[in-house]
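*Asks:* To start, I am sharing the structure in question, which I have written as structure tokens.
Quick note: the coordinates plus some simple rules give every number you see, no bench work behind them. Keep in mind the model is a prediction, meaning the values are calculated, not measured. In this analysis, Cβ positions are derived from the backbone assuming ideal geometry, glycine residues included, and neighbour counts consider all displayed protein chains.
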Amino acid sequence: MNFENEKAARIAEMGTNQYLKSTAHEFIKASVAAKYSYNFSWLGRPIIQYPQDIVAMQEIIWEVQPELIIETGIAHGGSLIFSASMLELIACCTGNQGSVLGIDIDIRPHNRIAIEAHPLFKRIQMLQGSSIAPDIIAQVVEIAKDKQSVLIFLDSNHTHAHVLAELQAYAPLTTLGSYCVVFDTFLEELPAELAGDRPWGPGNNPKTAVSEYLKHHPEFAINKNIDHKLLTSVAPDGYLKRIS
């Protein structure tokens, strides 16, 4: 059995290992309370993600080789820099050129200054405004219209209504074989008190939005292999691959 077959068998087995899955879930609960995901950076900018999801994003970007990555939610800009760095590596290796489009309702001045000063800003464009505002959606659609390969990362407001509206606006831009990744679906499985004073929580979160969206959009399928491989992830059932 070659390495890829061994890996596939191992991942499938992990997906049925209840002890491993429950242990990973306990770690997620404990780590959220400790703000574990706030401890990492990418090329100098804070990236509020779990390392496991960062690795998964790397694999997807290399697989898809996107001409455009659209990200909702900018925060400190670490994810934008990460995506731009991957596109820079792809350009060096293959010559394929790509760019990142980040959208946020409030790009704080100190974050904007730091992002614009970064050496990889040459691959980044930012829009300030609500990701579900008609004028912002129109601008994104215009930017994406001639791109041959588009990858989507949704990571802004985590309420059901907002994420569902983002999916309706941006998921159709996902090209065949690419992904629309919806972050923070793990909120559905966490105790409500861990959301603090945020408006989202169990029953009102990205995972409920994904479930609703997929009822009417069979062109997307959840890549369960990613969930089984990562085990600790903020995006269980959130790695949506366009299959038709």
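*Asks:* Given R₀ = 25 Å, what would the calculated FRET efficiency be for Gln18 paired with Ser211, taking r from the Cβ atoms and rounding to 0.05? Numbers along the way, then the final one.
*Replies:* Details: r = 22 Å, r/R0 = 0.90.
Computed FRET efficiency for Gln18 and Ser211 comes out at 0.65.
*Asks:* While we're on this one: Using square roots of five times the C-alpha gyration tensor eigenvalues, list the equivalent-ellipsoid semi-axes of segment 3-242 in whole Å, biggest first. If you can, show how the numbers build up before the last one.
*Replies:* Details: eigenvalues 134, 90, 73 Å².
For segment 3-242, the ellipsoid semi-axes come out as 26, 21, 19 Å.
*Asks:* I'd like the Karplus ³J(HN,Hα) series for segment 74-82: coefficients 6.51, -1.76, 1.60, θ = phi - 60°, whole numbers in Hz, and an x wherever there's a Gly or Pro.
*Replies:* So the Karplus estimates, Gly and Pro as x, are 10, 6, 7, x, x, 5, 4, 5, 4 Hz.
*Asks:* Let me ask something additional. Which of the lysines could be linked to Lys215 by a straight reach, that is with a Cα gap under 28 Å, when you skip same-chain ones fewer than 8 residues away?
*Replies:* Lys21, Lys145, Lys147, Lys207, Lys224, Lys229, Lys241
*Asks:* Under unit Cβ charges (Lys, Arg +1; Asp, Glu -1), what dipole magnitude, rounded to 20 debye, does the chain have relative to its Cα centre? Please list the in-between numbers first.
*Replies:* On the way: 19 positive and 27 negative charges, 50 e Å.
With Lys and Arg at +1 and Asp and Glu at -1, about 240 debye.
*Asks:* Per 5 Å bin, what is the whole-percent P(r) computed from every C-alpha pair distance within segment 14-97?
*Replies:* 3, 13, 19, 20, 16, 12, 10, 6, 1
*Asks:* While we're on this one: Determine ³J(HN,Hα), in whole Hz, for all residues of segment 32-41 in sequence, where each value follows from phi through the Karplus function 6.51 cos²θ - 1.76 cosθ + 1.60 and θ = phi - 60°; x replaces Gly and Pro.
*Replies:* So the J values, rounded to whole Hz, are 5, 4, 8, 6, 3, 5, 8, 9, 10, 9.
*Asks:* Continuing with the same structure: Mind checking the full-extension length gain between Leu194 and Gln128? Use 0.36 nm per residue of separation minus the Cα-Cα distance, one decimal, nm. Each step should come with its number before you reach the end.
*Replies:* Details: separation 66, 0.36 × 66 = 23.76 nm, distance 2.85 nm.
Full extension from Leu194 to Gln128 adds 20.9 nm.
*Asks:* Which of Leu167, Leu173 comes first, and how do the rest follow, when ranked by fewest Cβ neighbours within 10 Å? Intermediate values should be presented prior to the final figure.
*Replies:* Numbers: Leu167 24, Leu173 21.
Lowest count first: Leu173, Leu167.
*Asks:* Please name whichever of Leu120, Pro206, Leu173 sits farthest to the positive end of the charge dipole of the chain, dipole taken about the Cα centre and charges placed at Cβ: Lys and Arg +1, Asp and Glu -1.
*Replies:* With unit charges placed on the Cβ atoms, the residue in question is Leu120.
*Asks:* Here's something else I'd like to know. Are there any trypsin sites (Lys or Arg not before Pro) in segment 177-231 that are in a DSSP loop and have at most 10 other Cβ atoms within 10 Å? List them by number.
*Replies:* Numbers: sites: Lys207, Lys215, Lys224, Lys229; in loops: Lys215.
Listed in order of number, the matching sites are Lys215.
*Asks:* Apply 1/(1 + (r/R0)^6) to the Cβ-Cβ distance of Asp106 and Val55, taking R0 = 30 Å, and write down the FRET efficiency to the nearest 0.05.
*Replies:* Details: r = 29 Å, r/R0 = 0.97.
For R0 = 30 Å, the calculated efficiency reads 0.55.
*Asks:* If packing is taken as the average number of other Cβ atoms within 10 Å across a peptide's residues, how do 150-156, 85-91, 110-116 rank, most packed first? Numbers along the way, then the final one.
*Replies:* Values: 150-156: 26.6, 85-91: 17.9, 110-116: 14.9.
With the highest mean Cβ count within 10 Å placed first, the list reads 150-156, 85-91, 110-116.
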